[in-house]
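As structure tokens, the structure follows; a few thoughts come after it.
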Amino acid sequence: MLSKKTVFIFDLDGLLLDTECIYKRGWEIALQRLGLFLPDSVLNSWAGKSIDHTRAAFDDFFQDTSIYDRAYAIREEYILETLRKGRLMPKPYAPEALQKISEVGCRSGVVTSSQRKRAMIMLTALGLMHYFDHMVSAEDVSRRKPDPEPYHRIVSLFESDYRSCIAFEDSLTGYRSAAAAGVDVILVPDSSISQQLERRPSVRAARDLSVVMTMLGEPKNYKRGERQ
């Protein structure tokens, strides 16, 4: 049962942090500086995908394996500049959910396809890093989402029973990763996959991370700012 969970595992980008539009803009700027172009539909499809996926897409589209590293470096500069200017924000209910998990004595973890250094910089900047007991990032596994390895890895770090864990993802890629590992998972989708969900009635989904508050005993009509 979902009410019996004691380990809460979160994706990072697009779920805890409002990064997807920043990441997309970073790719756009990188392509502009390099005098290149990728269709908007391609950039949108990268939400929730790993570095392996985007690298393969670059190599396939441009037929030049050197382009990706140059574009990636420009994009990283833009992301860090955005962070320095204070433009990165947490997603709705993310801070409240993490605080509630801590208050009731449960544990939290992050499973992300991003690099560990960037993930830690962003979480620290927003005052959220201290909530997490463990993190599995891109460099910690040989096979990334949608492969189940990232979730097998973090469950082993917690030394927990799979039945005690609950995952939260914003993409079908992440959802498949958790589900394949045998971890119960709730999808908190971004707008880019809402239509896909209409064709997948079996996917357990929630509107936002207030679902965590409800699981841990807050009233279902809980609103941000109500807690003292």
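Points worth noting:
- Too-long pairs where the Cα-Cα distance tops 24 Å, listed order kept, from Lys49/Lys91; Lys100/Lys145; Lys49/Lys85; Lys4/Lys100; Lys91/Lys117; Lys5/Lys100: Lys100/Lys145; Lys49/Lys85
- Fully extended contour minus Cα-Cα distance, from Arg25 to Asp69, at 0.36 nm per residue: 14.2 nm
- Two-site FRET efficiency, Leu36 against Arg87, from Cβ-Cβ distance with R₀ of 22 Å, rounded to 0.05: 0.35
- The simple spin-label model puts a point 7 Å past each Cα toward its Cβ; for Met120 and Asp133 those points are separated by 2.0 nm.
- Angle in degrees between helix 149-158 and the longest Cα principal axis of the chain, rounded to the nearest 10: 40 degrees
- Along its principal axes, the chain has C-alpha extents of 53, 36, 34 angstrom, given from the largest down.
- Enclosed volume per residue, in Å³, of the convex hull spanned by Cα atoms of the stretch 20-84: 77 Å³
- Dividing the mean sequence gap of close Cα pairs (under 8 Å, 6+ apart) by how many residues the stretch 20-84 holds gives a relative contact order of 48 percent.
- Of the trypsin sites (Lys or Arg not before Pro) in the stretch 27-96, the ones in a loop by DSSP (not H, G, I, E or B) with at most 13 other beta carbons within 10 Å are Lys85, Arg87.
- When both bridge partners sit in the chain, DSSP labels roughly 5% of those beta bridges antiparallel.
- Once the chain from Ala180 to Ala206 is taken as fully extended at 0.36 nm per residue, the excess over their C-alpha distance is 7.4 nm.
- Here the stretch 87-197 is described by how far its Cα atoms reach on the three principal axes: 36, 31, 28 Å, from widest to narrowest.
- Taking the chain and dividing mean pair separation by its residue count, relative contact order in percent (alpha carbons under 8 Å, at least six apart): 25 percent
Any read-out appearing in this document is the output of simple, stated calculations on the displayed coordinates, not a laboratory observation. Bear in mind the structure is a predicted one, so any value in this text is a computation, not a measurement. Methodologically, a virtual Cβ is constructed for each residue, glycine included, from the backbone with ideal geometry; neighbour enumeration extends over all protein chains shown.
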